[in-house]
Every structure is written in structure tokens, then in C-alpha cells.
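Below is one structure, written out as C-alpha cells; comments come after it.
What follows draws every value from the coordinates through simple rules; no lab data is involved. All values reported here derive from a predicted model rather than from experimental measurement. Virtual Cβ from ideal backbone geometry, glycine too; neighbours counted across all protein chains shown.
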Amino acid sequence: MTLDADVIIVGSGPAGAAAALELSKITEVLMLDIGHSAPEESPGVDRFVELLGERLEGMSIISEPYLSPKLRSPFFRYVTRSWRELSPIHSSDFKGELSLALGGLANAWGSGLYEFDDTDLRGFPISYSELQPFYLSLTKHIGISGGGDEVASVLGSRECLLPPMPLAGTLKALYAHSQRPKVKAFLHRNRIHIGRQRLGILTEPHRGRPAYSFDGKDFFRPWKAAIYNPAYTVRELEALGKLRFRRGVLVKQFKEFPDRVRVDAVDLSSGQPVEFSAKRLLLGAGAINSARIVLQSFKDYSTRLPMLENPISFVPFIHFASLGSDSKENSFTGAQLALIFDGPEHRDRVQGSFYNLSGVLSSDFLFDFPFSASGNLFCLAKILGAMGVLQIYYSDAPNPASFLSLSTEGALELHCPARRFGKVEGKLINALRKMGFWSAPFLVRYAEGGSSFHYAGTLPMREANDSIGFSTDRFGRLNRCKHVYVVDASSFPLLPAKNLSLTIMANAMRIASKLVL
């Protein structure tokens, strides 16, 4: 069999796009993925269809299992299209989502792009200094906006950042309160730090993409070029002739030979098997699907691979002084503020993100009030502009209760139980009250297993690559293999509380830079 490329990358999400960006400097790259894309933008689209869909799919919260507002939005349905049929999971406690789209779940992400420092990388066989040049390269490539306050140094280097996103609504008031000397001193005594976000959202034109426009449609229109997603990098490399992207291909398994790797896949348009061959294979299909491909390749139906996920909770709050304010004015639906908590209530650093409740459909809250539909809508119009949500992320480490394995039918058996903490939430609610933002412990919501969409650790990297189970060495090479590398979060041995996307990309570039062809 002749070689199709020097390197094959499976997956077009953050890992695959970043690895392709690095490898395109030196060699030929072939990318394989299903690659669902957003529908073509139509300037004359009906507002009703934009918000609710032609089949009222935007109202699925009434009768179907919960989906986040963006994934439920009609024009974002492509992000999670067909994964349950093509990448089946059997589970009683996994309530997450996978993506087979071009760009992966990053099509609907919160845009937080943070660096892992050496505290976050404890337990990894790599250090910040090894990732730093790739963090900087990505900052220049993507265009990352961020602040220069006390939280900035925890989220990453300030070098080459664009100006931060403007604050709006309730969170503008919250930030102002948090910066008052007496309030800041109180927060610091309680190991709480609040500051501006690092976001993959342009506040200035950058590399041919426009600055962000405030229109309140982030949840409904997937065509906003100011909000980065890895699909832009894939399309750019493809247009420059530095990447061949084969869409509509479902990779099933691989087989190694002394001088090459064969990839076995299915062409979904014809249903026929197809084969590809390369000197090196890079798996970037995500922690769950890369693990699936490895287990299928070795026909291993007994090994339980570890599964990491960031447990999350949601703390809603209200600022009574803002009641009646316009919830749409100069607002956007990304995370506006970051919170860092290093108190003794939890073993590891905890990170949070503050969101305004602007831009989402009123129907998302319509049934949370005890009045008639018209009465509930009246209440929402008066209070949404005064409300916010603090989303809290916790770290994760391997534990026997969270794992995945492959069944003989080809489905994954996955266990990812929900976890609840509570002490941190109570501490942060008290801090919010001190600033005039009111909540209560009974309002806290804890997400079900898998709901953070932050999955990792199924093929963990170790300093020494052994033959026990499945793991990778510090350069991503899969044990039992000579030519197969893992470039996504499968290789993370631990999962800090921070959003992991930028570190997935930097690590993928680090691994790609070390390949010897």
C-alpha cells in the first residue's frame, strides 16, 4: 500500500487543528474526520426560525433531556449531530455530549483559553516551560483578549493579549465592587480573587477576522468570526494547501506495520470501508473517541480506562440594585469574569466563571416561576438584567468509579457519576453577599456526570512508558506502538479546574514538534 501522507491526524477539534498548524511547517498532513459544519448563513433568516427552529427544536427543554442553551439552539444542532449513532455510549450516569463536527465541541464553547502553570501541571511529566512557546504561538494565531489585573497572572502570560472584553450588566457592577480596597482585602483574606477573563474573542480585528459585535445572538448564530474555533485554523491551512481534509470519514481502528500505520475507516456517504496509510498517526478525536479507537484497534474488551471530568456547579445570584435594567445592552454570552479560589475548603485550586443571563431565550427560565406564562415572562423581563451565574469548576483525578471500556458490540460502557461538594459554594455565596449580590445554598445546582464537556485522562502520559494498560510517554507516543501518538486530552494524567482547551492545543503542538519522520 502506498502512503497517503507523512502524517494522518484523526479529529479536527482543538488538538487536531493545533497539531496540523505545527506540522504544516515541515510535512504533508492528512486530516480525517466526519466534520459536520454549520448551515450556510442566510442574511434573511426569519427571527422565529433563528430562535426556535422550523420544528420548534429550540423549545426541546419542555419534553427532552436537558441541553445547554447553545447546543439546543437550532443553528447549533450540527455540533452534536449523529454522535449517538456513530459513537454509541451505554451509560446510566453519563449525561454529556460528544461532537463529530469540524472544530468539535469548541463550536459551542465558552471561549475561555487559559494556560496551565506548574501548579496545574503537578502530576504531569511535563512543565510549563515546555508548553510556554506554544502558548505564545497560539495567542498570536488565535487572538486572545484578556485583562491585566491580579487574576491575569494565574490564567496565563499577558504577552500579546488583546484588550479585554468590555464588561456589561450585573457583572460590570460586581467587578467594580470587587475592586474596592476594603472588599478586595476581604476577598484576599478568604483566598478569593476576581478578575478579567482570557477569551478567544477578538476585541480588535486580527488576522483577517473582525472584532466582536454586540448583538445578543451568540447562542443562536454560529457564524460570528470574532469568536475563535479550531475550524478556522483547519480551513485556513486547507486554503493554503498545507492540509488535506477528508470529510465524512469515521475512523474505526488502526494497524501498525514496521514502517507505517494503516487506518481503517468508513466513508459515510457510501457506507463502504476505506483505508489510509501514513508514517505517523496522531489521535486527536477527543478523550472518549481516541480511547475508543485504541481499544478497537487492540480488540480489547476487558480493560477499564480511567475517565476524568471537571465536576461543576452553578450558583445563581441577583443584584437588587440592577432590577429593571436592560439585560441586552452591550452584553455578550461568554464568561465575563474569572474567579480563583485557593481556600482550605477544597484540596485543589477551584476556578469559576461569571456569566450574565443575557442572550438566552426567556423560555429557558419560563417554568422556574410560579405564575402564568404571561406573568412569568413579565417577571423575566424585569429581573434577567439583574441576574448572573457563577459556574464553578473542580479538579479531577483518577478514581475507580469513573472509567470506560469497550463492549463486544462496539459501544463504550462509560461510568461518570455526578459529584457534589458544597463547602466552596457556601463560602463564595457569603462573599457575594458581602458585595451586595444575593444567593442561597438551596439555589445551587450541581451538574450531572459529563455535563462539563471537559473530558480527559483515558490514555494518561507518564514519565516512563510501560506496557501495563494503555498510556503514552511524555511525547505522546502510545505504549505498544511505534508510530501512533495521542495529542488530545486523553493524555492528561490529572485534570485541573481550569478550562483545558488552550493546553490541549499547546500540548498537541509540543508533541507534533518532536515528531521525527
Please work out the C-alpha center-to-center distance from the range 102-144 to the range 184-257 and express it in whole Å. 12
Relative contact order for the chain, counting Cα pairs under 8 Å that sit 6 or more residues apart, in percent: 23
Out of all DSSP beta bridges in the range 5-513, what portion is antiparallel? Express it as a percent rounded to 5. 75
Among (1) 55, 37, 19; (2) 131, 25, 21; (3) 37, 25, 23, find the value of semi-axes √(5λ) of the Cα gyration tensor in Å that was calculated from the structure presented, and write down its label. (3)
With runs of 4+ DSSP H residues as the only contributors, calculate the mean residue ellipticity of the chain at 222 nm using -39,500 (n - 2.57) per run, divided by the residue total and rounded to the nearest 500. -6500 deg cm²/dmol
For 183-189, 251-257, ranked highest to lowest by mean beta-carbon neighbours within 10 Å, the order is 251-257, 183-189
Relative exposure of 119, 503, judged by other C-beta atoms within 10 Å (fewest first): 119, 503
Quick one: which of 165-178, 78-91, 275-288 comes out on top by average Cβ neighbours within 10 Å, and what's the full order, highest first? 275-288, 165-178, 78-91
With label points set 7 Å from each Cα along the Cα-to-Cβ direction at residue 397 and residue 304, the distance between them in nm comes to 1.8
Distance (nanometres) between label positions extended 7 Å along Cα→Cβ at residue 215 and residue 27: 4.2
Could you line up 504, 8, 429 from fewest to most neighbouring Cβ atoms inside 10 Å? 429, 8, 504
Residue 136 to residue 91: extension gain in nm, 0.36 nm per residue of separation minus the Cα-Cα distance? 12.3 nm
What number, in percent, do you get for the relative contact order of the range 390-434 if the mean sequence gap of Cα pairs under 8 Å and at least 6 apart is divided by its residue count? 24
Work through the residues other than residue 297 whose Cβ is under 14 Å from its Cβ and net out their charges, Lys, Arg +1 and Asp, Glu -1. +3
Mind ordering 470-478, 98-106 by average Cβ neighbours within 10 Å, highest first? 98-106, 470-478
Final fewest-first order of 160, 481, 416 on the 10 Å Cβ neighbour count is 160, 481, 416
Contour excess over end-to-end distance, with Cα ends at residue 149 and residue 272 and 0.36 nm allotted per residue: 38.8 nm
